[in-house]
Amino acid sequence: MHIYFDNAASTKVDEEVLKLMYELQKTNFGNPSSIHHFGRNAKSLIEKSRRTIANYFSAAPSEIFFTSGGTEAINMAISACVNSLKITKVITSKLEHQAVLQCLESYEKMGLIELNYLNFDEKANLNFDELNEFLSKNPNSLVALMHLNNEISNLLPIKKVSKICKKHKAIFLSDTVQSIGHYQLNLETIEIDFIVGSAHKFHGPKGVGFIYVNNNMNIKPLIIGGAQERNMRAGTENVIGIAGMAKALEIAYEDFEKNAKYISGLKNYFVERIKKEFLDCSFLGESEEKGAFTILNVVFPKTEKSEMLMINLDIDGIAVSEGSACTSGSSVRSHVVEALGLDENKQALRFSFSKFNTMEEIDICIDSLKKYLSA
Ligand code: PLP
């Protein structure tokens, strides 16, 4: 038996995406930069995919650039802000993904930016008055705040933040890696400079993603070499991956409401059962109610029996995430759990859901948890 509750880490590729990629791999093997018809076929597949993706965000195809995934897209946006737009002040939060934090910290270490962090309450809600105040003193800053937190599921009021940013002429980058494919983003109604996507988070292939760069931005590339992506990202394109990503997004948009309702139902049922069976459990951030329907972060008491909870669930065939890196057998707490100041005698486990999960899997998981949590 295998149960996969780690969909925030990566998702199972849709059958239809797999089929398409397999067929394309056989026939569409030309280099998109070649002039001959093999090359033109590959190029036209990329451009069709670009139009498909742009359309879902009400963006122009010229605003979409393909990358190797979310991390590269984030690095590209931040590098553009520092190197092309000469941004020197940045405001973010300690709850961002490492792709954002590490990249910003590296520019801070180089002495190129001054890095500031927004405060948040015990449920990880950011203080937007503080953002307003910071930007009124420091206009033309970069604001880097994620749309959907990959560990605690908190959702950013993206429109509200966009309005604050525009009022102060700040650049707004939102890490939308976890929300794309689950939440709709209409960029005609949200003024934003950069958003980023990663196909493997919405049932597409790994190693491919994209960045949306608002047409008003005049920036230089991060990766330099050939003239691919209109000189904005050198390197032969991952043609089949790009087509697979567009297909995965198409499938996500076909069943948006249905999937959201179904996955919300799973999460709500999980919450209900956890609350009923384990009275000493709680939830991290806003993951119990106001957070995204895809992620639930449960706080368990640490006892001798429950110490190895994630490993024991894995032995039972259930994959979840601790939101931590395991080094030489000792578990290091994630920076988000750390930033939220979780008690040392408690542990947080992240359960993240997809359309492929079932109620039955939740019942099995609860039974397994009971084995390790009952006194
Ligand atoms: N940002 C968030 C919120 C993520 O969850 C991830 C993936 O774990 C990334 C960025 C990085 O994306 P990728 O794996 O495509 O590099």
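The values are calculated or read from the model by the stated rules, or taken from the named source; none is laboratory data. Here the structure is a predicted model, which means the values were calculated and not measured. As a convention, Cβ positions derive from the backbone with ideal geometry for all residues, glycine included, and neighbour counts pool all protein chains shown. Surface accessibility is based on the protein's heavy atoms, side chains included, excluding ligands, DNA and RNA. Shrake-Rupley method; radii C 1.70, N 1.55, O 1.52, S 1.80 Å.
Things to note:
- Restraint check, Lys123/Lys370; Lys302/Lys370; Lys12/Lys258; Lys48/Lys206; Lys89/Lys123, Cα-Cα greater than 22 Å: Lys123/Lys370; Lys89/Lys123
- Solution diffusion estimate, µm²/s, Stokes-Einstein, the range 196-248, Kirkwood Rh from C-alpha pairs, 4 °C, viscosity 1.567 mPa s: 107 µm²/s
- Of the cross-linked pairs Lys160/Lys355; Lys86/Lys159; Lys201/Lys267, those separated by over 20 Å at the C-alpha level are Lys160/Lys355; Lys86/Lys159.
- Measuring nothing but how far apart in sequence close Cα pairs (under 8 Å, 6+ apart) lie, relative to its length, the range 3-93 scores a relative contact order of 10 percent.
- Ellipticity estimate at 222 nm from DSSP helix runs (n ≥ 4, -39,500 (n - 2.57)) divided over the chain, nearest 500: -12000 deg cm²/dmol
- The calculated FRET efficiency for Glu191 paired with Lys261, based on their beta-carbon distance and R0 = 30 Å, is about 0.55.
- Angstrom value of the Kirkwood radius, inverse mean 1/r, which spans all Cα pairs in the chain: 21.7 Å
- Principal semi-axes in Å for the range 258-375 [√(5λ), Cα gyration tensor, largest first]: 22, 17, 14
- Scattering curve values for the range 5-109, log₁₀ I(q)/I(0), Debye with Cα scatterers, q = 0.10, 0.21 Å⁻¹: -0.47, -1.19
- Accessible surface area normalised per residue over the chain is 45 Å², counting heavy atoms of protein chains with a 1.4 Å rolling probe.
- Taken one residue at a time, the phi angles of the range 174-184 give Karplus couplings (6.51, -1.76, 1.60, θ = phi - 60°) of 10, 6, 9, 4, 7, 8, 5, x, 10, 10, 7 Hz. Gly and Pro are set to x.
- Mean separation of Cα pairs under 8 Å and 6 or more residues apart, divided by the residue count, gives the chain a relative contact order of 23 percent.
- Within the range 232-303, the proportion of C-alpha pairs whose separation exceeds 17 Å stands at 61%.
- Among beta bridges from DSSP that stay inside the chain, the antiparallel ones total about 60%.
- Directionally averaged shadow of the range 103-223, computed from the convex hull of its alpha-carbon atoms, nm²: 8.7 nm²
- Additional length obtainable on full extension of the chain from Glu133 to Ser34, 0.36 nm per residue less Cα span: 30.5 nm
- Separation of alpha-carbon centers, the range 350-370 and the range 127-175, rounded to whole Å: 34 Å
- Extension gain for Arg273-Asp343 works out to 22.9 nm (0.36 nm per residue, less the C-alpha to C-alpha distance).
- Full-extension gain in nm, Lys48 to Lys169, via 0.36 nm per residue minus C-alpha separation: 40.2 nm
- For the range 164-314, the convex hull drawn through the C-alpha positions has a volume of 183 cubic angstrom per residue.
- Here the calculated FRET efficiency for Glu15 and Asn83, from their Cβ-Cβ distance with R0 = 30 Å, stands at 0.10, rounded to the nearest 0.05.
- Over the C-alpha trace of the range 332-375, radius of gyration and Dmax come out as 13.8, 34 angstrom.
- The solvent-accessible area of Leu85, taken with every protein chain present and a 1.4 Å probe, is close to 50 Å².
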